[in-house]
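Report on the structure given below.
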Amino acid sequence: MLPSVPSLPGSVDPAWLPPEVFRPLGSRRTLIRGAGPLVDTVHAEVADACSRFGGRVARDARELGGPGDLVLELGEGGAPDGLGDEGFVLARADGVTRVGAAGQAGLLYGLFHLVRLGEAAFRGERARETHRPALGSRMLDHWDNVAVHPVMGQVERGYSGGSLFWRDGLARGSRDDLERVRWYGRLLAACGVNAVAVNNVNVHEAEAHLLTDRVGEVAAIAEALRPYGIRTHLSVSFAAPVVLGGLATADPLEGAVADWWAEATRRVYAAIPDFGGYVVKADSEGQPGPFAYGRGHADGANMLAAALAPYGGTVHWRAFVYNHRQDWRDRTTDRARAAFDHFAPLDGEFAPHVVLQVKHGPMDFQVREPVSPVIGAMPNTRLAVEIQATQEYTGQQRHVCWLGPMWSEALSFRPTGEEGPSVGELARGGGLVAVSNAGDDPFWTGHPLAQANLYAVGRLAWQPDADPGAVLDEWIELSFVPGRTADPARLREGLRAVLDGSWRTYEKYTAPLGVGFMVQPGHHYGPSVDGYEYSPWGTYHFADRDGVGVDRSRATGTGFAGQYPTPWAEVYESPETCPDELLLFFHHVPYGHVLHSGDTVIQHIYDTHFEGVAEVEEARRVWAGLADLMGAARHARVAERYEEQLRGAREWRDHINTYFFRKSGVPDARGRRIH
Ligand code: GCU
């Protein structure tokens with residue numbers, strides 16, 4: 001029997017898979033060749049589309065009475081070698097479109113590629129094209145708690161309602177809940193994601209048990225995601241042998257500890273045969289780790305990898321390690337340096353089943369950071385780059401902030417200069433991981449336009465050098481189907497207008513020139529310039545009456561700039577060559593310092609904050625003019641969020657401008673009102 005295509009209640013937004021996008025496929029005659037569970041998923045998808053739009057699908061050509069319009073074919077004849085399990089070929093000749101794949105997942109991705117192409121897939125001739133993912137692992141980390149955490153709630157840094165997977169301390173088990181999880185898997189497959197970690201990296205007490213006595217709940221989620229080619233991963237506590245196993249130690253070099261993990265892992269695979277592996281936040285922000293036993297990160301990670309290796313699993317070991325109990329008076333400690341100081345010396349020491357998961361920037365998902373120097377410094381380690389789709393520091397899904405351009409900039413950065421590999425290339429061994437922004441909100445992501453970020457995670461992981469504008473256009477075509485509205489051009493232009501520059505707009509009205517962290521402590525929403533200035537978290541801006549910024553040069557500062565290879569070490573070392581947008585990340589400069597743009601730092605701060613607010617006002621106006629071109633609920637949700645964004649942008653502007661006016665005493669050259 002074929003699996004059914006998941007169904008979604010009418011109250012939930014279909015995101016980038018509204019029924020309409022299946023019309024070109026569903027109105028044609030399709031032949032499917034090959035066998036297996038994912039081929040059955042493909043068949044079910046085509047059959048569902050045909051039931052809506054009048055086409056036909058068969059596994060045997062004779063049933064179609066002719067060659068048909070589309071052949072989706074697994075294995076022989078259709079696919080050349082070297083495609084891998086996930087690649088596919090596409091061609092069109094003599095009125096027939098053909099997709100061939102060597103592996104079942106490839107056929108599924110080929111199907112969703114056709115959905116993206118729409119009618120274009122069935123027009124004219126098409127020379128044979130080969131598609132395969134640049135990164136083998138394309139993963140979402142859910143920072144979801146099983147039990148509602150007293151401070152962090154159900155989803156740590158979640159802005160989209162509750163968890164898709166957990167409710168009231170248990171895995172969601174109702175039919176509707178699991179249908180929603182299946183739908184989520186379908187959305188993820190359609191953008192190219194192939195792995196999900198189902199619980200928070202901060203593993204609290206209840207969540208620790210998912211590894212052992214509660215693994216059945218994880219297995220149920222894995223079963224719902226499997227038909228869409230998604231492997232399930234679990235965040236585990238390094239202290240599990242102690243807290244779950246009753247051992248006296250979790251020392252990674254103790255035989256009993258390794259045995260405990262081997263046995264626990266064996267049981268996990270008995271429940272979930274295609275289990276992906278463990279995600280571990282160790283010795284980071286209070287989570288347990290190998291340091292307690294005088295061991296290092298490689299000792300810890302390799303021990304877990306040994307447990308997973310027999311089954312082909314992977315341990316994603318996070319590099320987000322720093323001193324979160326820093327004394328703000330201590331000017332020699334620099335949080336930005338920490339990941340490199342801890343991990344770069346360990347290059348080559350990690351086992352093959354370890355992936356080191358590195359945040360794209362050295363601090364923590366600020367609106368502007370340089371690329372982490374760790375990424376260029378570990379050629380003998382499998383690296384995954386971690387990005388944050390959930391908008392913890394970029395407006396918490398109340399503000400529009402299309403992150404495709406930011407991620408794309410990071411992925412195309414070349415740590416050793418123009419001749420060297422890009423970050424996207426350096427991530428080939430480990431992949432791209434994003435902290436998910438999805439929850440049980442009817443729009444999945446709270447802000448409907450934040451769906452574009454979720455979509456881009458998969459597409460940029462598939463092709464890190466993709467043009468983010470093209471990814472955005474794809475998302476617009478799928479999600480809004482402009483071609484079927486009264487005014488396609490106005491809708492397309494309007495959506496591009498409000499999304500394209502929204503990251504830079506957000507940057508303009510918040511923390512300037514790469515300085516970061518001027519947020520309210522704890523929840524991180526809204527401005528508080530000195531909120532973290534005298535805290536233990538290592539996130540300071542050092543503003544005084546004369547200037548602002550962190551001196552991270554080798555010559556006079558913390559030396560962080562020296563963690564980069566040439567040419568970046570030199571570029572970042574001097575304020576003369578440091579790019580404007582990162583100036584305050586790397587240097588402490590006087591307010592009168594003249595930027596490459598020709599403006600002084602203080603005038604830049606004033607100007608960008610006024611501009612940022614004006615840009616939000618304009619985006620809100622453009623959005624209001626699109627009301628007749630989309631569903632009322634989607635339009636209204638965004639319109640409502642624009643009110644909050646504008647309020648928030650004005651608040652940011654006034655805090656930042658007033659703060660720096662009071663510190664510096666320098667008036668705005670253009671005489672605008674500063675409070
Ligand atoms: C940030 C975030 C935390 C999270 C941490 C991490 O600091 O605020 O909620 O746990 O990153 O990535 O581990």
Roughly what % antiparallel, to the nearest 5, for the DSSP beta bridges in the chain?
30
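Could you provide, to the nearest whole Å², the per residue accessible area of the stretch 73-128 with probe 1.4 Å?
40
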Can you tell me the Rg and Dmax of the stretch 192-308, counting just the alpha carbons, in angstroms?
13.8, 43
Under 28 Å from the Cα of K663, which lysines turn up, not counting those fewer than eight places away in the same chain?
K508
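Relative to the present Cα-Cα distance, how much length would full extension add between R621 and F542 at 0.36 nm per residue of separation?
24.7 nm
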I need to check one value: relative contact order of the chain, counting alpha carbon pairs closer than 8 Å and at least 6 residues apart, in percent.
11
For R29, distant residues with modelled amide H under 5 Å away:
R56, D69, L70
Evaluate the distance, in nm, between pseudo-label points positioned 7 Å from the Cα of A271 and of R496 along their respective Cα→Cβ axes.
4.9
Protein accessible area in the stretch 258-373, 1.4 Å probe - carbon and sulfur %:
50
Simple label model, 7 Å out from Cα along Cβ direction - Y534 to D81, nm:
6.9
Mean separation of Cα pairs under 8 Å and 6+ residues apart, divided by the residue count of the stretch 517-583: what relative contact order is that in percent?
15
Taking the C-alpha atoms of the stretch 136-201, convex hull volume expressed per residue in Å³:
87
Sparsely packed GluC sites (Glu not before Pro) within the stretch 571-654, loop by DSSP, other Cβ within 10 Å at most 16
E576
Which value, to two decimals, describes the C-alpha radius of gyration of the stretch 27-83 once divided by 2.2 N^0.38 Å?
1.14
Do any chymotrypsin sites (Phe, Trp or Tyr not before Pro) in the stretch 467-561 lie in a loop, going by DSSP, with at most 13 other beta-carbon atoms within 10 Å of their beta carbon, and if so which?
Y534
Zone reached by a paramagnetic label modelled 7 Å from E119 Cα along Cα→Cβ, restricted to the stretch 469-499 with backbone N below 12 Å, covers 483-485
Percent of Cα-Cα distances greater than 17 Å, calculated over the stretch 18-152:
60
Which FRET efficiency value, to the nearest 0.05, do you get for R126 and D473 by plugging their Cβ-Cβ distance into 1/(1 + (r/R0)^6) with R0 = 22 Å?
0.65
Please work out the average accessible area per residue across the stretch 241-397, using the 1.4 Å probe convention, and give it in Å².
34
Taking the chain as the reference, fit the longest principal axis to its C-alpha atoms, fit the long axis of helix 451-462 to the helix C-alpha atoms, and give the angle between the two in degrees, 0 to 90, nearest 10.
80
Could you check the simple spin-label distance between A486 and R329, using points 7 Å along Cα→Cβ, in nm with one decimal?
6.8
Full-stretch length increase - R59, D347 - with 0.36 nm per residue and alpha-carbon distance subtracted:
98.7 nm
Alpha carbon centre of the stretch 45-111 versus the stretch 568-645: separation in Å?
46
Trypsin sites (Lys or Arg not before Pro) lying in DSSP loop within the stretch 305-361, provided at most 12 other Cβ fall within 10 Å
R325, R329
Quick one: grab the alpha carbon gyration tensor of the stretch 379-441, order the square roots of its eigenvalues as a ≥ b ≥ c, and give me rounded if a/c is under 1.5, else prolate or oblate depending on whether a/b is larger than b/c.
oblate
Using only DSSP helix segments of four residues or longer, with each worth -39500 (n - 2.57), what per-residue ellipticity at 222 nm results for the chain after dividing by its residue count and rounding to 500?
-10500 deg cm²/dmol
From the Cα gyration tensor of the chain, with a ≥ b ≥ c the square roots of its eigenvalues, which class applies: rounded if a/c is under 1.5, or else prolate if a/b is larger than b/c, or else oblate?
oblate
By the Cα gyration tensor axes a ≥ b ≥ c (a/c under 1.5 gives rounded; else a/b larger than b/c gives prolate, otherwise oblate), the shape of the stretch 443-510 is oblate
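Counting pairwise Cα distances across the stretch 267-418, what percent come out greater than 28 angstrom?
The answer is 27 percent, as a whole percent.
The values are calculated or read from the model by the stated rules, or taken from the named source; none is laboratory data. Note that the coordinates shown come from a computational prediction; the quantities given were computed from them, not determined experimentally. Reconstructed Cβ throughout: ideal geometry from the backbone, glycine too, with neighbour counts over all protein chains shown. The protein model used for the area step is the full one, side chains on, heavy atoms only, and it has no ligands, DNA or RNA in it. Shrake-Rupley method; radii C 1.70, N 1.55, O 1.52, S 1.80 Å.
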